[in-house]
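The values are calculated or read from the model by the stated rules, or taken from the named source; none is laboratory data. Here the structure is a predicted model, which is why all the values come from computation and not from measurement. Glycine gets a Cβ as well: all are built from the backbone with ideal geometry, and neighbour counts include every protein chain shown. The accessibility values were calculated without ligands, DNA or RNA, using every heavy atom of the protein model including side chains. Shrake-Rupley method; radii C 1.70, N 1.55, O 1.52, S 1.80 Å.
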Amino acid sequence: MQDLENDCTWGIVRNLKKIRFEKGDKIYQDKELSETMFLIHKGTVKLYAENGYPFIQFKNGQHFGDVDLFCGIRRNGTAQTTEECLLYKI
């Protein structure tokens with residue numbers, strides 16, 4: 001079991017891609033296909049509803065986009081940076 005966990009962990013780490021965003025950049029739009037999830041290394045990201053209302057904020061050490069990805073649904077909200085961000089995408 002331990003070998004399987006290590007293989008899974010290293011498989012994820014090998015597939016991480018570092019990506020930088022400037023303040024105000026949109027990471028994804030509402031209703032887009034979900035193909036990745038994001039881990040926040042540095043910065044803050046807000047999710048906005050269709051009407052532009054911010055409904056959740058993510059910061060250093062948190063992740064987002066996983067529910068849409070794992071459930072195979074389109075994005076629920078628009079993700080936008082509130083400051084310069086360094087993210088890892090899977």
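Here are a few things to note about the model shown:
- Screening the candidates N51, N76, N60 for the property of being under 22 Å from K18 (Cα atoms), among the polar types (S, T, N, Q) and open to solvent by 70 Å² or more (accessible area, probe 1.4 Å) yields one hit, N60.
- Only one of the numbered conditions (1) touching a strand residue (DSSP E or B) at 6+ places or on another chain (Cβ under 6 Å); (2) modelled with pLDDT under 95 is violated by K46, and that is (2).
- Every residue from region 35-48 that is closer than 15 Å to I19 by Cα and either touching a Pro at 6+ places or on another chain (Cβ under 7 Å) or small (G, A, S) (or both): G43
- Any chance G24 is modelled with pLDDT of 95 or more, at positive phi and open to solvent by less than 90 Å² (accessible area, probe 1.4 Å): yes
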